[in-house]
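The values are calculated or read from the model by the stated rules, or taken from the named source; none is laboratory data. Keep in mind that this is a model prediction, so the values were computed, not measured. Neighbour counts are summed over all protein chains in view; Cβ atoms, including those assigned to glycine, are modelled from backbone coordinates with ideal geometry.
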């Protein structure tokens, strides 16, 4: 029992290590990234570029033997590298955090199942931290009703996100990312057409 508890504790330490790059850069440069990249063109380009990246990485990874096949085999170095890939999503809106971490994990030799499981656990502190950062930036000048509604909204969105992520991770364990890659490419093109041709 103590071994299991220590194993879980070690896993969460590794998850916290993976959060460090995005947490540090996010706190320091969140406003800068929003000003530079949070616009329809950048989001559309990120959708397309990382959609292509998903397909390329999946083709390259096909048939490769994974070096990491269980969560306990993830080292602190591997966790940090996965966190650096997550940083890409923190910088560029339109990039999937889960997609970036899973694809990054595949590149460095983590099995698809382990990559999906680690990404699911990693999403918990990331979502909490991102929400907290937005609240701090907005300020704490809330009325009682506003605070209640905010807490309810955060709780509901957190639970829904966990449910959706659990479904997504289950899918990713058995399927590759190519369908998401093509989806992102098509969506990115649609966004560009809308803002440059239709609108």
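Observations, loosely collected:
- Any hit, the range 74-82, residues being modelled with pLDDT of 90 or more, under 30 Å from residue 191 (Cα atoms) and within 17 Å of the chain's Cα centre (by Cα): yes
- Which listed residue, of 82, 108, is crowded, with 21+ Cβ neighbours inside 10 Å and in contact (Cβ under 8 Å) with a residue 24 or more places away in the chain: 82
- In the range 108-199, counting only helices (runs of 4 or more DSSP H) that sit wholly within it, the ones holding 1 or more residues that are closer than 20 Å to residue 21 by Cα and at pLDDT 75 or above span 112-138.
- Failed criterion for residue 23 (all others in (1) touching a helix residue (DSSP H, G or I) at 6+ places or on another chain (Cβ under 7 Å); (2) at pLDDT 90 or above hold): (2)
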